[in-house]
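Below is one structure, written out as C-alpha cells, with a few remarks after it.
What follows is calculated from the coordinates using simple rules that are stated; it is not laboratory data. It should be emphasised that the depicted structure is a prediction, and the values quoted were computed from it without experimental measurement. Ideal geometry is used to build each Cβ from the backbone, glycine not excepted, and the neighbour counts take in all protein chains shown.
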Amino acid sequence: MKFIIDAGHGPETAGKQSPNGMREYEFNSSVAAFLTEKLLTLNGISVTHVHSDQRDIPLKTRTDQANKLKANCYISIHANAYGTGWNTAQGIETYVYPSKPREAWELAKKIQDELIKATGRKNRGVKTANFHVLRETEMTAVLIECGFMTNKEEADLLQTTAYRKLCAQAIFSALIEFYRLEWTEIPTTKILYRVQAGAFTQYHSAEKLAKELKAKGFDSYITKTTE
Ligand SMILES: [Zn+2]
C-alpha cells in the first residue's frame with residue numbers, strides 16, 4: 001500500500017498564512033509528519049512526501065511523482081482561509097474531484113467523520129472541487145481543509161501541537177479503518193529514519209557539509225542522484 005502525503009504549499013508561499021502570521025505550510029507539514037510517523041509503524045506501508053521544507057514544489061511535480069510511483073492513495077493536507085482578515089468562516093471540509101470517484105468519496109466521508117469526532121469543529125462536509133491534485137492524480141485522492149486560518153479561534157488551534165496531532169490521529173484512524181490496514185506494529189527497533197542534511201549540485205559543497213558534520217561527530221556519507 002503506497003501512500004502519498006502532500007503538505008500543501010511551501011514554507012515561503014506568498015499569502016498562505018493566518019492574519020497573525022502562521023504560515024499554512026507550518027500546519028500542513030506538521031500534520032503530515034505526525035501522520036507519516038503513525039503510518040510507518042504499520043506493516044506493508046510506504047509513505048512518500050511530495051512537499052519540501054526548502055521550497056514550494058509545483059503541483060505538477062507532486063502529481064507526476066505520485067503517478068510515477070503508482071501510489072494507491074494521495075492525501076493532501078491544508079488549512080483553509082476566507083478572505084485575508086479575521087472573520088467567522090469556520091470548520092473542516094474534505095474535497096474530492098467533481099466526478100466523485102467512489103473510493104475517494106467514501107474515504108473522504110470517513111476522514112471527515114473522524115476529524116469532526118476528534119476535534120468537535122463545525123462539519124462543513126465532503127465537497128467537490130476541480131483542484132489540480134484531485135484531477136491529475138491517477139489514484140484515490142482527497143484534499144483536507146483542517147480549519148480556518150482566518151478564524152481567530154481556529155487559527156489559535158492550528159498553531160498548537162495538540163491540534164495538529166489530533167488531526168493526524170483522526171486521518172490515521174480513517175485510513176486504518178477504510179483500508180483495513182494491519183494493526184501489527186513493526187518493532188520500533190527495526191525502523192530506520194534517514195536524515196538528509198543537504199543536497200547540492202556541486203560536489204565540493206556536499207563534501208564541505210560532510211566534513212562539517214564529521215567534525216561535529218555525525219556519521220555522514222555522500223550519495224549521487226539525478227534529482
Ligand atoms: Zn492550502
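Key figures for this structure:
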item: Convex hull of segment 63-118 built on C-alpha atoms - directionally averaged projected area, nm²; result: 5.6
item: Expected 222 nm ellipticity per residue - DSSP helices of 4 or more, -39500 (n - 2.57), all of the chain, to 500; result: -12000 deg cm²/dmol
item: Gyration tensor verdict on segment 104-162 (Cα atoms; rounded if a/c is under 1.5, prolate if a/b is larger than b/c, oblate otherwise); result: prolate
item: Folded to 0 to 90 degrees: helix 161-179 orientation relative to the chain principal axis, Cα; result: 80
item: Nearest-0.05 FRET efficiency for Ala89 and Leu40, computed from C-beta distance (R0 22 Å); result: 0.05
item: Degrees between helix 24-39 axis and first principal axis of the chain (Cα, 0 to 90, nearest 10); result: 80
item: Computed magnitude of the charge dipole of segment 1-129 (debye, nearest 20; Cβ of K, R +1, Cβ of D, E -1); result: 400
item: Antiparallel content of DSSP bridges confined to the chain, in %, to 5; result: 20
item: Compactness relative to 2.2 N^0.38 Å, alpha carbon Rg of segment 1-88; result: 1.17
item: Nearest 10 degrees, 0 to 90: helix 203-215 Cα axis against the chain principal axis; result: 90
item: Tyr82 versus Asp156: modelled label distance in nm, points set 7 Å from Cα along the beta carbon direction; result: 1.9
item: Set Lys2/Lys109; Lys70/Lys208; Lys60/Lys100; Lys70/Lys214; Lys38/Lys208; Lys60/Lys208 screened for pairs whose C-alpha atoms are more than 28 Å apart; result: Lys70/Lys208; Lys70/Lys214; Lys38/Lys208; Lys60/Lys208
item: Extreme residue, positive dipole direction of segment 14-119, given options Ser29, Tyr74, Thr84 (C-beta unit charges); result: Tyr74
item: Computed lengthening from Arg180 to Lys127, 0.36 nm per intervening residue step minus Cα-Cα distance; result: 16.7 nm
item: Cα-based shape type of the chain, given that a ≥ b ≥ c are square roots of the gyration tensor eigenvalues and the cut on a/c is 1.5; result: prolate
item: Dipole in debye (nearest 20) - the chain, about Cα centre, beta carbon charges: Lys, Arg +1; Asp, Glu -1; result: 200
